[in-house]
Amino acid sequence: MKFQAPIGMKDLTKESKLYRKLEDDFFSILTQESFTEIRTPILEDKKLYSRSVGESSDIVSKEMFETLDGLVLRPENTASVMRAFVNDSELCPRLAYFAPQFRKERPQKGRLRQFYQYGFEIIGDASPQAEIDSLLIIQKLYQKWGLTNYEIQVNFLGKKIDRENYINKLRTYLESCKEKLSNLSKERLEKNILRILDSKEESDQDIIKNAPIILDSLSEESKKQWQKILDLSSLLNIKLVINPLLVRGLDYYTGMVFEVVDTSGLLGSQKALGGGGRYDGLSKELGGQDLSAFGFAGGVERLIIATNLDNDKDQMKKIGFVTTEKSILNTLFALKKQTKDIIIDINVDTTIGFKKMFKRANKNNCEKVVIIGSDELANNTFKLKNMITGEEKICNYSYKEIVIKKLMDEE
Ligand code: AMP
């Protein structure tokens, strides 16, 4: 019986080199910015997420992989990082991770059930410096990865009291046009009213367009904080696009929230490259001190699609050697050792025959294949097959005289 990888999950083979590179790039920038890596367990107590992300969030209400004993596969990393920090306040307050997360969503392009996130948290910093530092780090990362087609959308959710005031206004407004709302939004009116603002349903759009916005419900203090962030970012040339409908789905956000949105169109409907915000109440909610915090998480798979980074995975040229003659192996391996910039793929097998070895070389994306059987060996010749054009020719010299680079350039 043959088994497939679970739905929405992938074996990473060719891509793993790219993941390693992205992880190295990520930590090289993050350590320059005084972050320390953290690796948290893949399983966590389910209650950790109901207390932080929120009972009514999509993640907790329908997307968690649950085990029998109250544990779940980690759907995001912020709550785990904060849990770890609450338990050990000696930890570095700037923590970064590059790790798989799990959500039981309907898979599609850019949406998987196991996906990787690169993310970081700045704990204990209530000043707008945390917001600005984070935005600068994100710009640095994307510059390193050659990502240019994106915008940073921001909104400000204020303090809990600002949000409560806003929710009251929003509720009054939405109740007044309840009949026209989509069924999903009608449901959210009871459970998670802010999420109505990111509804994609056609019938909700006009209603949302005219809804009150949170920026009008902020206290004077919150407005000042928001203005400070905007002033600092404009001073530093960080371009922000204000999106009053951006609420992010999770309960723990306060203050600024933001999303990095792909503008290349390569991601289809899953445009969010990453997101984050301020979550000042989370430490206390998880039994720790009343600490401020700010964080960000980006999705690796969406980054790869948006940057086309996987396109250069086969840029190193490859040549295959297919032979039944074990006596020539030493020479071939010596050749392999000397050759840089071109991959030499040696297939030697006296049992499976040329055809199968040939297939293997083809599967390995060899551009050309050198064939040496007993006749060629006796005549001091070899065959050269161009796997792209399908042409095959006889080269009238010994395999010992092969110069790989010349062979690759030959027509
Ligand atoms: P979130 O905290 O849900 O906004 O997730 C942060 C980022 O992780 C998103 O902007 C995506 O880039 C990525 N992400 C979230 N869910 C998935 C998923 N199911 N598949 C792939 N990437 C995801």
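The values are calculated or read from the model by the stated rules, or taken from the named source; none is laboratory data. Fair warning: this is a prediction, and the values are worked out from it, not measured in the lab. Neighbour counts are summed over all protein chains in view; Cβ atoms, including those assigned to glycine, are modelled from backbone coordinates with ideal geometry. Heavy atoms of the whole protein, side chains included, go into the accessibility calculation; ligands, DNA and RNA do not. Shrake-Rupley method; radii C 1.70, N 1.55, O 1.52, S 1.80 Å.
Collect the residues in the range 47-60 that are open to solvent by less than 70 Å² (accessible area, probe 1.4 Å) and either in contact with a His (Cβ under 8 Å, 6 or more places away or on another chain) or on the phi < 0 side of the Ramachandran plot (or both), keeping them in residue-number order.
The answer is Leu48, Tyr49, Ser50, Ser52, Val53, Ser56, Ser57, Asp58, Ile59, Val60.
Name the residue that is nearest to the ligand (Cβ to nearest atom), counting only residues in the range 250-263 that are in a loop (DSSP other than H, G, I, E, B) and open to solvent by 20 Å² or more (accessible area, probe 1.4 Å). Show your work before the answer.
Start the filter on the range 250-263 by keeping residues that are in a loop (DSSP other than H, G, I, E, B), which leaves 250-253, 263.
Pick out the ones that are also open to solvent by 20 Å² or more (accessible area, probe 1.4 Å) and you get 250-251, 263.
Values: Leu250: 7, Asp251: 12, Thr263: 14 Å.
Only one residue tops the list, namely Leu250.
When each of Ser89, Ser127 is tested for being open to solvent by 20 Å² or more (accessible area, probe 1.4 Å) and free of Cβ contacts under 8 Å to residues at least 12 places away in the same chain, the lone residue that passes is Ser127. Within the range 269-288, the set of residues being touching a residue at least 12 places away in the same chain (Cβ under 8 Å), in a loop (DSSP other than H, G, I, E, B) and under 30 Å from Ile304 (Cβ atoms) comprises Ser269, Gln270, Tyr279.
Can you work out which of the residues in the range 1-44 that are among the polar types (S, T, N, Q), open to solvent by 40 Å² or more (accessible area, probe 1.4 Å) and within 23 Å of Ile123 (Cα to Cα) is nearest to the chain's Cα centre (by Cα)? Step by step, filter the range 1-44, then rank; the result is Ser28. If you go through the range 253-293 and keep only what is of a type in the set (Asp, Glu) and in contact with a Leu (Cβ under 8 Å, 6 or more places away or on another chain), you end up with Glu259, Asp262, Asp280. Looking at Gly277, Gly288, Gly299, just one residue is open to solvent by less than 40 Å² (accessible area, probe 1.4 Å), of a type in the set (Gly, Ala, Ser), at pLDDT 95 or above and more than 14 Å from the ligand (Cβ to nearest atom), and that residue is Gly288. Restricting attention to the range 63-94, the residues being at negative phi and more than 16 Å from the ligand (Cβ to nearest atom) number 17.
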